[in-house]
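The values are calculated or read from the model by the stated rules, or taken from the named source; none is laboratory data. Here the structure is a predicted model, which is why all the values come from computation and not from measurement. Positions of Cβ are generated from backbone atoms using ideal geometry, with glycine treated the same way; all protein chains shown enter the neighbour counts.
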Amino acid sequence: MTRQPLHVAIDIHADLDRVWELTQDTDAHARWDLRFSAIRPVEELGSGGYRFRYERRLGLLTLAGTGTSLGERHARDGSRTSALRFVADSRLSPLGAGRGYWRYTPTAHGVTFTTGYDYRPGWGRLLDALVLRRVIGWMTAWSFDRLRIWAETGVEPERWPLRSVLAVWRPDRPRAARCRRDPGRGARTSPATLDRLEAP
């Protein structure tokens, strides 16, 4: 069974520097991204990036791992990119080793924020294809809309815990459906920084 990389994109009506700040600051990142409970930088890399530790707390269970990240601010077309590699510590993690990127593309009204990533399934390919990859894709998209709300309105992500998904009467709540899941061929091209990024 062939794995399909995950792609998510959203248009954010906010300044590019603001979106960069909320996504590159590890404390801010862990606040809006449902996939993480904590992210802690641990070492600067010679390439200009850094190594970090991440956690996702699930009740009494904490899944953890190590990653490396490298951002690029000065592309000729005004866009920015951030490359990522990661590996889980525990065999209990549904995500094994993986890699991906963020792309920040300026628009007339702000920025299009795009991600593309893939990982080795930790719980087997069949379960990943049937269930987990869909869930992780949804988590990514829902988190991107929570980020959009924060960047555009200043409403902090803690206003929207996961249980707010059930608040169907609130049109201002985060919704994964606001994201595009196939952002287009050009947006799916990995940045060159990903190829030279150090392993976790």
Practice task
Test residue 155 against the criterion of being crowded, with 21+ Cβ neighbours inside 10 Å, at pLDDT 95 or above and more than 15 Å from the chain's Cα centre (by Cα), and give yes or no.
Solution key: no
Practice task
State all residues of the stretch 20-35 that are surrounded by fewer than 17 Cβ atoms within 10 Å (Cβ to Cβ) and either aliphatic (A, V, I, L, M) or closer than 20 Å to residue 51 by Cβ (or both); if no residue qualifies, say none.
Solution key: 24, 25, 27, 35
Exercise for the section: Identify, by number, the condition in (1) of a type in the set (Gly, Ala, Ser); (2) buried (at least 17 other Cβ atoms within 10 Å of the Cβ); (3) out of contact with any strand residue (DSSP E or B) (no Cβ under 7 Å at 6 or more places or on another chain) that residue 88 doesn't meet. Expected result: (3)
Fill in the blank from the handout: Of the conditions (1) crowded, with 22+ Cβ neighbours inside 10 Å; (2) hydrophobic (A, V, I, L, M, F, W, C); (3) part of a helix (DSSP H, G or I), the single one that residue 136 does not satisfy is (1)
Problem - Subset tally (residues that are touching a residue at least 40 places away in the same chain (Cβ under 8 Å) and exposed (fewer than 14 other Cβ atoms within 10 Å of the Cβ)) for the stretch 47-63 - result: 1
Handout entry: Residue under evaluation residue 123, criteria (1) under 25 Å from residue 62 (Cα atoms); (2) out of contact with any Phe, Trp or Tyr (no Cβ under 9 Å at 6 or more places or on another chain); (3) at pLDDT 95 or above, criterion not met
Key = (3)
